[in-house]
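Since the structure comes first, as structure tokens, the remarks are kept for the end.
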Ligand SMILES: Cc1cc2nc3c(=O)[nH]c(=O)nc-3n(C[C@H](O)[C@H](O)[C@H](O)COP(=O)(O)O)c2cc1C
């Protein structure tokens, strides 16, 4: 039996693992609001581009549309309850800013969560509306990282992902944490890439 025959179709599930959980922040009616977002991805490093997808019922959406800016805050696993709660409660009903220490972004004034080790200040550069989703492409205009997580050892100065201890979400509706590094980018496949030629 081939590998293909051993697979079953799950129709159209966008099964791309893993999904880092982020908290997207914006001011709505003068209050800092945060939504748990799994639909967030990097679109490029230079320029630094990200994309988020918000449902049109999302209270945070109003603030993003008004300011054309938002924050992306990366919670560590220690903030699991708060991160999940931001995805359960809507800012239309609950003041989620009470759960965090909130600061204002230096370049965009977007609300940032101090307890998160990473905060990205993002400015919207494009928007796509599809079905009930509002998909924002944004440029990262300033990245804040907790100083204790930085190292001089790698070019990006970033400590190992494991030190950030990000919250990972699966489409199985479970939260996970990162297990450990298994190799280095642009290195593990170098030999294979070098010895294989098109015939
Ligand atoms: C794990 C998880 C992932 C989520 N991902 C998204 C997402 O990508 N886009 C979205 O619009 N809502 C997502 N939600 C739902 C919103 O976080 C939820 O509707 C929240 O109440 C929005 O807050 P707000 O109304 O204050 O903006 C997610 C919720 C959870 C728990």
task: Using only Cα atoms, locate the centre of segment 174-199 and the centre of segment 45-86, then give the distance between them in Å, rounded to an integer.
output: 30 Å
field: Relative exposure of 60, 199, 151, 77, judged by other C-beta atoms within 10 Å (fewest first)
entry: 199, 151, 77, 60
- prompt: Under a GNM of the chain (C-alpha, springs under 10 Å), which listed residue has the highest mean-square fluctuation: 24, 64, 125?
  reply: 125
query: What whole number of Å gives the distance from the Cα centroid of segment 127-151 to the Cα centroid of segment 1-36?
result: 15 Å
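Apply 1/(1 + (r/R0)^6) to the Cβ-Cβ distance of residue 146 and residue 53, taking R0 = 25 Å, and write down the FRET efficiency to the nearest 0.05.
On the way: r = 27 Å, r/R0 = 1.08.
Efficiency, rounded to the nearest 0.05: 0.40.
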task: Fewest Cβ neighbours within 10 Å first, please rank 144, 59, 132 accordingly.
output: 132, 144, 59
query: PRE reach from residue 176 (point 7 Å along Cα→Cβ): which of segment 1-44 fall under 15 Å by backbone N?
result: 15-21
field: Difference of contour (0.36 nm per residue) and Cα-Cα distance, residue 191 to residue 45
entry: 50.0 nm
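Of 1, 161, how do they rank once you tally other Cβ atoms within 10 Å and put the fewest first? Spell out each step's value before the answer.
On the way: 1 5, 161 13.
Exposure proxy ranking, most exposed first: 1, 161.
How big is the equivalent ellipsoid of segment 1-55 along its three axes, where each semi-axis is √(5λ) from the Cα gyration tensor, reported in whole Å from largest to smallest?
Values: eigenvalues 240, 49, 13 Å².
For segment 1-55, the ellipsoid semi-axes come out as 35, 16, 8 Å.
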- prompt: According to a simple spin-label model (label point 7 Å from Cα along Cα-to-Cβ), what is the distance in nm between residue 107 and residue 67?
  reply: 1.5 nm
- request: Report the residue, chosen from 81, 187, 67, that carries the largest GNM mean-square fluctuation when the chain is represented by alpha-carbon nodes joined by springs under 10 Å.
  value: 187
field: Gyration tensor over alpha-carbon atoms, segment 151-193, equivalent ellipsoid semi-axes in Å
entry: 25, 18, 7
- prompt: Taking N as the number of residues in the chain, what is its alpha-carbon radius of gyration divided by 2.2 N^0.38 Å?
  reply: 1.15
- line: In a Gaussian network model of the chain with springs linking alpha carbons closer than 10 Å, the residue among 117, 47, 18 that fluctuates most is 47
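FYI, it's all coordinate maths here, none of it is from the lab. From a predicted model like this one, the values you see are computed outputs, not experimental measurements. In this analysis, Cβ positions are derived from the backbone assuming ideal geometry, glycine residues included, and neighbour counts consider all displayed protein chains.
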